[in-house]
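The structure under discussion appears below in the form of structure tokens.
A short reminder: the numbers here are calculations on the coordinates, not readings from a lab. All of these numbers come straight from a predicted model, not from anything done at the bench. Glycine gets a Cβ as well: all are built from the backbone with ideal geometry, and neighbour counts include every protein chain shown.
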Amino acid sequence: MTDLGHHLITIIRRPETVFVEGHGSWLVDERGKRYLDLVQGWAVNSLGHSPEVIAKALESQARRLVNPSPAFYNRPMLELSERLVALSCFDRVFLASSGAEANEGAVKLARRWGSKTRGGAHEVIGFEDGFHGRTLAMMSASGKSGWSNLYPPMPGGFAKARLNDIRSVERAITPQTVAVMIELVQGEAGVQQADPDFVRELRALTAERQLLLMVDEVQTGIGRCGRAFAYELYGIEPDVMTLAKGIGGGVPLAALLCKDQFNCFEPGDQGGTYCGNPLMAAVGLAVVNEVCRDEFLEGVRQRAQRLARGLQAIVRDHGLVAERGVGLLRALVLPTDEADRVVTMARELEPLGLLLNAPRPNLLRLMPALAISDAEIDEALRLLGMALQDTHPIVFESPGRPCSAPERLHFA
């Protein structure tokens, strides 16, 4: 063990690996070893590592204007906002730098709306196992186990319901409730999907009770689920949406979107030094224009089907529990709590490593670049099978690798 990172504040246990270069689906460390990356910065690098479209946008905008301050308009801010509105059911956009910041802005918006139209209603209902970021308020809004005791006293005004249980939502509503915040696919919880019938019932309930329906699409938005936004798969229109991760393709960029009737901030209520800066907005516009093309999204859906079929074969071959997911956000459920060990085994494969994520002790999460090639998908499946051999050796090898159960959400 080296003294690597001894000047850094401890926030996570990192392996003794230093990455120096990345292109597309691949990372390279200081020793020259290559890794096929199925984490991509936790679903951040929608176009993979160091895509040319981002390099060009950064270089071009950096030579013109980096940050005139959010007190003034700039052209990339206006163009990205216009593009997001054209793609979605929303009318207004606030650009920020992180998912937590966008979600915090959504709660502020809901509470401002509640103070103006609902007699001061301010409580927000979230969901058990939900994840909305790491600010104190967003930790309270999240349903992650143990967080309520980590930094006491925690901010109040956040209730919890159970995903796919509309009765639990009804029980959580009080006269002070102003909004419901939901991840349509709970990534940190192990890629748990909201049931389509539940989402439709939730939309009807919030409309009936005059509550805002706010969807956190930090991980699912901008093509990750095979559509520009995951809410499109459910046939509903939310009142508020948040984006981050994939919208910047790797740079710090986020967005809060709302319908016009909820545009209730007064000047000075909300802001931030870097909000809407042209450097990041130019990158976001380039990424959105590339990812949200019909042909690109169709390719995401095709690649998702290929990856899902391969993972289902691995489930059968290695005696695993299940494969699940939407688009290129997928999970493998293991029969034992050895996900961290599999992650380590995959990373330490030679000569090529494989990068995986284990959000739960018995679960692997896969978030490849949306532009991953068919050959890279096949190579990832081969490496994954090798990594599983130690903990979950092959019990049955299917020559044709047939596809088993279809996804719960079908792409139209």
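Sorting Cys258, Cys264 from the fewest to the most surrounding beta carbons within 10 angstrom yields Cys264, Cys258.
Placing +1 at every Lys and Arg Cβ and -1 at every Asp and Glu Cβ, with all other atoms neutral, what dipole size does the range 258-340 have around its Cα centre, in debye to the nearest 20? Numbers along the way, then the final one.
Values: 9 positive and 12 negative charges, 88 e Å.
Here the size comes out at about 420 debye.
Between Asn67, Ile173, Gly284, the Cα set farthest toward the positive side of the dipole of the range 52-291 (charges on each charged residue's Cβ, about the Cα centre) is that of Asn67. Angle of helix 374-388 to the longest C-alpha principal axis of the chain, folded into 0 to 90 degrees and rounded to 10: 70°. Bridgeable aspartates and glutamates around Lys33 (alpha carbons under 17 Å apart, same-chain partners fewer than 8 residues away excluded): Glu16, Glu21, Glu348, Glu350, Glu376, Glu379. If you take all other residues with their beta carbon under 10 Å from the beta carbon of Ser46, and give Lys and Arg +1 and Asp and Glu -1, the sum is +1. Taking amide H atoms as placed 1.01 Å from N in the peptide plane, the amide H of Glu123 lies under 5 Å from those of Thr177, Val178, each 5 or more residues away in sequence or on another chain.
Counting only lysines at least 8 places from Lys144 when in the same chain, those with an alpha carbon closer than 22 Å to its own are Lys108, Lys160, Lys245.
Given the alternatives (1) 21.3, 64; (2) 23.7, 83; (3) 21.1, 84, Rg and Dmax of the Cα atoms in Å as computed for this entry is given by (1).
The H on the amide N of Ala371, modeled in the peptide plane, is under 5 Å from the matching H of Gly48, each at least 5 residues off or on a different chain. Across the range 327-337, computed HN-Hα scalar couplings (Karplus, 6.51 cos²θ - 1.76 cosθ + 1.60, θ = phi - 60°) run x, 9, 10, 9, 9, 10, 9, 8, x, 9, 8 Hz from first to last residue, x flagging Gly and Pro. Helix 278-291 and the longest principal axis of the C-alpha atoms of the chain enclose an angle of approximately 60°.
Computed from label points 7 Å out along Cα-Cβ, the spacing between Arg301 and Glu59 is 3.5 nm.
Under 5 Å between amide hydrogens, built in the peptide plane, is the criterion, and for Ala322 it picks out Val333 among residues at least 5 positions away or on other chains.
Based on DSSP H segments of at least four residues, each scored -39500 (n - 2.57), the chain has a per-residue ellipticity at 222 nm of -10500 deg cm²/dmol. Centre-to-centre, using Cα atoms only, the range 7-65 and the range 282-307 are separated by 19 Å. Phi-derived couplings, Karplus 6.51 cos²θ - 1.76 cosθ + 1.60 at θ = phi - 60°, listed residue by residue for the range 185-200: 10, 7, x, 5, 7, x, 6, 8, 8, 6, 5, x, 5, 4, 5, 5 Hz, with x used for Gly and Pro. Helix 75-87 and the longest principal axis of the C-alpha atoms of the chain enclose an angle of approximately 80°. Applying 1/(1 + (r/R0)^6) with R0 = 41 Å to the Cβ-Cβ distance of Asp294 and Ser115, what FRET efficiency is obtained, to the nearest 0.05? FRET efficiency, Asp294 to Ser115: 0.50. The mean of 1/r over all distinct Cα pairs in the range 52-291, once inverted, gives the Kirkwood hydrodynamic radius of 18.0 Å.
Decide, for the range 232-279, between rounded, prolate and oblate: order the square roots of the alpha carbon gyration tensor eigenvalues as a ≥ b ≥ c, take rounded if a/c falls under 1.5, and otherwise choose prolate if a/b is larger than b/c, else oblate. Oblate, since a/c reaches 1.5 and b/c is not below a/b. Maximal additional length on extending the Glu170-Lys144 stretch stands at 7.2 nm, based on 0.36 nm per residue less the C-alpha distance. A protection proxy built from the mean count of other Cβ atoms within 10 Å ranks the segments 23-32, 275-284, 227-236, most packed first, as 275-284, 227-236, 23-32. Computed from backbone phi, the HN-Hα couplings of the range 201-218 come to 5, 5, 4, 5, 5, 5, 5, 5, 8, 6, 10, 6, 9, 10, 9, 8, 10, 4 Hz, rounded to whole numbers (Karplus: 6.51 cos²θ - 1.76 cosθ + 1.60, θ = phi - 60°; Gly and Pro given as x).
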